[in-house]
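The values are calculated or read from the model by the stated rules, or taken from the named source; none is laboratory data. Every value quoted in this text rests on a predicted model; they were computed, and no experiment measured them. All Cβ positions, even for glycine, are placed from backbone atoms using ideal geometry, and neighbour counts span all protein chains on display.
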């Protein structure tokens, strides 16, 4: 009897083990919430304003200087998008600013691909390209962000590759000046340094190995942990909340709408269009 009872007990344990191992394993997923702050640069024009006037301009531009974003991710994929918010003064969304803001962006670190929706003056584009190659320098510094221990990494990235979806007259004029300087050096038989040819942005990122994915906001990725904070130029983006493995499964899908185009082609398209707008306005004034 004891032998039979023992066999039955072992059978029950074995069946229980098989049932438990056949349970579906939940896919590793998460959702990170970020907010960004940009310091306003008024240039030489700003030196003529008093502090009250500067604060008034900052209040009017708050929707452009302070933004909220969401990053949903699993091991290989992520989708990053801006949370739409109303302008505090007008009660409306900033439709003009959308022309030069990052659209919904899908990244796949396994296939080294990025797909991003962009709308420019009513026309929809689907930007399909490779992920931005970033050569990170790993630092030893660490700090706590929320419940996560983070480590520092830095990189120097061509500004145009970071800002391919934006447009700035100042940036365009600076690029033209640099090209003229490069052409002058070459005419004198001198080979210009890389720094003289390409404007670079210094980037500081803080990532947490406690969340073992290579994702991050905007163009940033490629570190051994989720990027929780990143500073570049006048803008700092910080993660304020993380939800790991939510009960409701997150669907991560790439955008599908718009004319397919590469990043460099998109940059050329909006630059040409802005120059066309300027020339047409000049003709009307003439």
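Results, tabulated for the structure shown:
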{"item": "Flag if residue 248 is more than 17 Å from the chain's Cα centre (by Cα) and over 15 Å from residue 102 (Cα atoms)", "result": "yes"}
{"item": "Residue check, residue 217 in a loop (DSSP other than H, G, I, E, B), modelled with pLDDT under 85 and surrounded by 13 or more Cβ atoms within 10 Å (Cβ to Cβ)", "result": "no"}
{"item": "Residue match in region 118-131 (condition: outside any strand (DSSP E or B) and at pLDDT 95 or above)", "result": "yes"}
{"item": "Test: residue in region 227-241 that is over 16 Å from the mean Cα position of the chain (by Cα) and part of a strand (DSSP E or B)", "result": "yes"}
{"item": "Residues being surrounded by 13 or more Cβ atoms within 10 Å (Cβ to Cβ), in a strand (DSSP E or B) and at pLDDT below 95 - total across region 140-167", "result": "1"}
{"item": "Matching residues, region 247-277, being exposed (fewer than 12 other Cβ atoms within 10 Å of the Cβ), in contact (Cβ under 8 Å) with a residue 60 or more places away in the chain and over 23 Å from residue 120 (Cα atoms)", "result": "249"}
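Here's the yes/no breakdown for (1) out of contact with any helix residue (DSSP H, G or I) (no Cβ under 6 Å at 6 or more places or on another chain); (2) part of a helix (DSSP H, G or I); (3) crowded, with 19+ Cβ neighbours inside 10 Å; (4) modelled with pLDDT under 85:
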site: 57; (1), (2), (3), (4): yes, yes, no, yes
site: 67; (1), (2), (3), (4): yes, no, yes, no
site: 80; (1), (2), (3), (4): yes, no, yes, no
site: 84; (1), (2), (3), (4): yes, no, no, yes
site: 89; (1), (2), (3), (4): yes, no, no, yes
site: 103; (1), (2), (3), (4): yes, no, yes, no
site: 107; (1), (2), (3), (4): yes, no, yes, no
site: 110; (1), (2), (3), (4): yes, no, no, no
